Structures are given as structure tokens and as C-alpha cells.
Amino acid sequence: MGPKPVHMPGTRAVSRCAQCGTVLQEIPSTGLCPKCGFALHSCKQCMYFDPGSRFECMQPVPERVAKKDVPNNCTFYEIRVTREKETSTPASLRPNDARQAFENLFKK
């Protein structure tokens, strides 16, 4: 028999806008969030941004960037990528309508 398998949800790498939380599929050529217009090449969007570090950056920057939400030319910039759990059901496994979902509950 053995132990039951653990059904852990999968994960995915995601970049989100730091201002509105929109998932960014790719970086637009304008450098702005497609939903809210936030500058994506800014400190708040960078993976090294840390309010608790010196100059609010985990890299050895020579001087502090005053405004963290405006575009800058930092050489250390990398867009923040996070790992999120896949919690939604794939469309192929969803029932077509409410009646079908109800009937699926009571199948033998």
C-alpha cells in the first residue's frame, strides 16, 4: 500500500506590477505597466529593492535613488520574479455548466 501521495499545487514564475498587481506576461516596449502606467524600470519593481537595506537596495549602489517609483538607469536592475502556487483549475477539467457540475458530485 504505502503512504498516500501528496497532491501539492504546482508553481509558476510570475512578474507583477508593483503598483497595481497586474501579471506581466512580457515587458512592454514602452517600459510602462499596460494597466496603470507604472514605470517598470524603477526601484520598486526591481528584485534588489529592500526598504531595510542601505539606500534601500541589496546591491552596492554608490548613491541613493531619491524616488523609487520613477524610471532610472540603474545597472543592477532586474525585474522582480516571484514563485506563486497554481491554485486555479485548468479549463479542461472544469464542467461545462452548473447542471453538469451538480451531476458530477453525485456520480457513483
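Residues that are polar (S, T, N, Q), in contact with a strand residue (DSSP E or B) (Cβ under 6 Å, 6 or more places away or on another chain) and surrounded by 11 or more Cβ atoms within 10 Å (Cβ to Cβ) are absent from the range 19-38 altogether. Note on the range 1-18: residues that are surrounded by fewer than 14 Cβ atoms within 10 Å (Cβ to Cβ) and not in a loop (DSSP other than H, G, I, E, B) amount to 4. The residue that is farthest from CYS74 (Cα to Cα), among those in the range 1-55 that are of a type in the set (D, E, K, R) and touching a residue at least 60 places away in the same chain (Cβ under 8 Å), is ARG12. Can you tell me which residue within the range 79-100, out of those that are assigned to a helix (DSSP H, G or I), at pLDDT 65 or above and of a type outside the set (S, T, N, Q), is farthest from the chain's Cα centre (by Cα)? Result: ARG99.
The values are calculated or read from the model by the stated rules, or taken from the named source; none is laboratory data. Here the structure is a predicted model, which means the values were calculated and not measured. Note that each Cβ is placed from the backbone with ideal geometry, even for glycine, and that neighbours are counted across all protein chains shown.
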